[in-house]
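Heads up: the structure comes next, in structure tokens.
The values are calculated or read from the model by the stated rules, or taken from the named source; none is laboratory data. Just so you know, these numbers come straight off a predicted model, no measurement behind them. Cβ: placed from backbone, ideal geometry, glycine included. Neighbour counts: every protein chain shown.
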Amino acid sequence: MDQLSQHLTNALVLGGTYALLGIGLTLIFGIMRVVNFTHGELYTFGAYMTFFAVSVAGANFFLALALATLVGVLLGAAIEVVLLRPLRSSDIDTTMIVMIGAWIAMQNGEQLIWGGVAKSIPTPFPTAPLVVGPVSVDWLRIFVFTAAILLIIGAHSLIHHTRFGRAMRATFADRDTAALMGINIGLVHTATFALGSGLAAAAGALLGPVFVVTATMGNLIALKAFAIVILGGLGNFTGAAIGGFILAFVEELGAGYISSGYRDAMGFLLIILVLMFRPTGLFRRAERIS
Amino acid sequence: MIIRTSVAALLMSGAASLLALPALAQGTIKIGVNQPLTGPVAASGQYVTNGARIAADQINAAGGILGSKIELVIEDNKSNPTEAAAAAEKLIVRDKVPVMLGAWSSTFTLAVMPKLMEYEVPMVVETSSSGKITESGNPWIFRIAPTTSMETKDFAKKIDKFAIKRANFLVVNNDFGIDAATKFSELVKSHGGTVGVVERMDPTAQDVSAQLAKIKASDADTLFITTSVEQLTLVLRQAQALRLTQRIITTGGSQAPDQLIEHAGPAAEGSYHLVFFTPWFPENAPNADVAVGLVNEWKKRGYQFAGLTEGFRGYDGILTIAAAIKEAGKAEPKAIQQAFWKVKVKGANGDIAFEKSGPAGKESGQNVPNVYVIQIKDGKVTLPAF
């Protein structure tokens, strides 16, 4: 029982960041239909920017997180304007190949700048964990979970309760009609990609201090983000959030009670099952996006 | 991952090697170096490569071997077994190296081994510890690193000081980790202890709290951990967050204790580590002059001190290869292979010489290196009280 409550706590905390990553990608992959291979690199970029701000520039930890997210938003906007805007009428394969190229270039660029030795980001949180009965959690992880939840709520409100969010949903539902209604299509594309990228950078900035920062840290996490998006249904915001938590629980309990050697396989096994029985994802019907 | 090199880069490197060939043919002896310079274990591979560079520069400064300078041809195996085999093939076929150093992880080395048989080129194995490497009948393998069995044999002399009653294991899910779990479990059992849970983690996994929660629930006094330094940092931190009180002993010699102190801080406090080189006390090494020389040069070049526990492997590897080429009298694979059996090298770890290991008639070479136990105490690397 003690072990179970520890597993559940771990999964809940991990699920928050998985959800954040999934939401960022569902905006780009699910709604914009860009197979975004740079998502994991934005995550890595967010982590390195936090490291740079805290360890090199000596900034306050919380300020560093905000800065890293902001720079992530700007980098996302730049990728959209430089790489994707010229390809807006191209097919999905062309943009996919361009994004693979961008992914490789960014990853190798990070390796070149920061080197192969992992970086560690110092935090102001105490190293002694919070202990509640049999469960013990790192203060840093509690902060990460809280921040992730706040970001998810923020992103949800932005998309569902603002004029911009309505413009965004309209654009990706029917681009031509939206344009006729006076929506600036180019701006919406850039802003959506930037928002999704910012969420990835925020996830990286939050998880960088929990783990260590390396140039390849985004690879497995990007794969998981794709899995979460598919699990929740393409373009489904709530689906991606719940999908993130489901993946975390399956991994954690699978590793705890079945076999830790297959921890990362558990999630993908689940996705195979979901796709067999609900090919459009678990929550596809809950929201109509196109 | 899917597209590794752009066409332009391929053409450029092709052109560069064409231009370079005539110049190189005039009198350098090439040695292939196959290490993970990118990917999850990149730090270790870079440390080994830096050690190799120091050895090559020192040899060249002293006049080279057989009247020629040596030249390291360094290939990145990207922390991936498939890439390791491809890098070996490239080194042999395109660069025509007569001998190689590689490939860090047991999994990478095992992937390279069929290529050594195919092209008949010898390789010095500087890090990999899986028993399979020297026991599978590959006569082109010469290992200077200890096998996991050697590590356990050496640790057997000290294990009673730890009075282990019950041990858990957390190992990386590859040849290196699985082999360590098997051999150290046997050791614990043969010294009156029992084994609790044996948990595995993917080499790239960052979150291991699930495994640690299970380990915490299994009542034991000691936790053996086997993995590389990056993952070990995460394990120690997450173990602290879960208030794991089991004594931690790490194996495998790839822990870079200074990096652990820096990155894991108080979480590394009190942990024990089995290492194969002790750069903190080089004057205690069997060949103190060699060890001190390496440590001083490493510091002079501004490499991270933490990397010396890996860097010495590359250094000793190149010293061994150079000795074999000298002994052979020519830079040809077959002659170098024969010469390895005769070399006696004074390395940073200790004296290097090869014993026969594996099936008769196609034995691999295995050196018997030194193993040390250190403890992290008060944020410093210390020799345990016993």
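Structure data summary
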read-out	value
Among the candidates A:GLY239, A:GLY256, A:GLY261, A:GLY233, residue that is touching a strand residue (DSSP E or B) at 6+ places or on another chain (Cβ under 8 Å) and over 22 Å from A:LEU70 (Cβ atoms)	A:GLY261
Check on A:ILE159, of a type in the set (A, V, I, L, M, F, W, C), more than 30 Å from B:THR245 (Cβ to Cβ) and more than 10 Å from chain B (Cβ to nearest Cβ)	yes
Hits in region B:321-336 (condition: within 11 Å of B:MET123 (Cα to Cα) and in a loop (DSSP other than H, G, I, E, B))	none
Qualifying residue in region B:257-272 (condition: in contact (Cβ under 8 Å) with a residue 60 or more places away in the chain, among the polar types (S, T, N, Q), under 30 Å from A:PHE125 (Cβ atoms) and more than 14 Å from chain A (Cβ to nearest Cβ))	yes
Residues of region B:173-194 satisfying the condition of being under 11 Å from B:PHE224 (Cα atoms) and within 14 Å of chain A (Cβ to nearest Cβ)	B:GLY177, B:ALA181
Hits in region B:227-279 - residues which are buried (at least 22 other Cβ atoms within 10 Å of the Cβ) and small (Gly, Ala, Ser)	B:SER228, B:ALA239, B:ALA241, B:GLY252, B:GLY253, B:SER254, B:ALA256, B:ALA264, B:ALA267, B:ALA268, B:SER271
Test: residue in region B:187-202 that is outside any strand (DSSP E or B), among the hydroxyl-bearing types (Ser, Thr, Tyr) and closer than 24 Å to B:THR127 by Cα	no
Residues (at pLDDT below 95 and either over 30 Å from A:ARG175 (Cα atoms) or within 14 Å of another protein chain (Cβ to nearest Cβ) (or both)) located in region A:62-97	A:ASP93, A:MET96, A:ILE97
Search result, residues across region B:253-275 that are out of contact with any Gly (no Cβ under 6 Å at 6 or more places or on another chain) and in a strand (DSSP E or B)	B:TYR272, B:HIS273, B:LEU274
Conditions (1) outside any loop (DSSP other than H, G, I, E, B); (2) at pLDDT below 95: number failed by B:ILE318	(2)
Sole exception among (1) modelled with pLDDT of 95 or more; (2) aliphatic (A, V, I, L, M); (3) not in a strand (DSSP E or B) for B:ALA167, by number	(3)
Selection count, region B:88-98, where residues are crowded, with 22+ Cβ neighbours inside 10 Å and out of contact with any Phe, Trp or Tyr (no Cβ under 9 Å at 6 or more places or on another chain)	3
A:LEU150 being within 11 Å of another protein chain (Cβ to nearest Cβ), loosely packed, with under 14 Cβ neighbours inside 10 Å and either assigned to a helix (DSSP H, G or I) or not small (Gly, Ala, Ser) (or both)	no
Only listed residue being of a type in the set (Gly, Ala, Ser) and touching a residue at least 40 places away in the same chain (Cβ under 8 Å), chosen from A:GLY58, A:GLY22	A:GLY22
Wholly enclosed helices (runs of 4 or more DSSP H) of region A:175-290 bearing at least 2 residues surrounded by 18 or more Cβ atoms within 10 Å (Cβ to Cβ)	A:185-207, A:218-232, A:237-257, A:263-277
Complete set of residues in region B:203-252 that are part of a loop (DSSP other than H, G, I, E, B), under 17 Å from B:ALA42 (Cα atoms) and within 12 Å of chain A (Cβ to nearest Cβ)	B:PRO203, B:THR204, B:ALA205, B:GLN206, B:SER228
Every pair of residues 6+ apart whose Cβ atoms lie under 7 Å, when the first sits in region B:276-288 and is assigned to a loop (DSSP other than H, G, I, E, B) while the second is modelled with pLDDT of 90 or more and among the basic types (Lys, Arg)	B:ASN287/B:LYS346
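So that you can scan it fast, the table gives a plain yes or no per residue for (1) hydrophobic (A, V, I, L, M, F, W, C); (2) out of contact with any Gly (no Cβ under 6 Å at 6 or more places or on another chain); (3) not in a loop (DSSP other than H, G, I, E, B):
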| residue | (1), (2), (3) |
| --- | --- |
| B:LEU101 | yes, no, yes |
| B:MET113 | yes, yes, yes |
| B:LEU116 | yes, yes, yes |
| B:ALA145 | yes, yes, no |
| B:MET150 | yes, yes, yes |
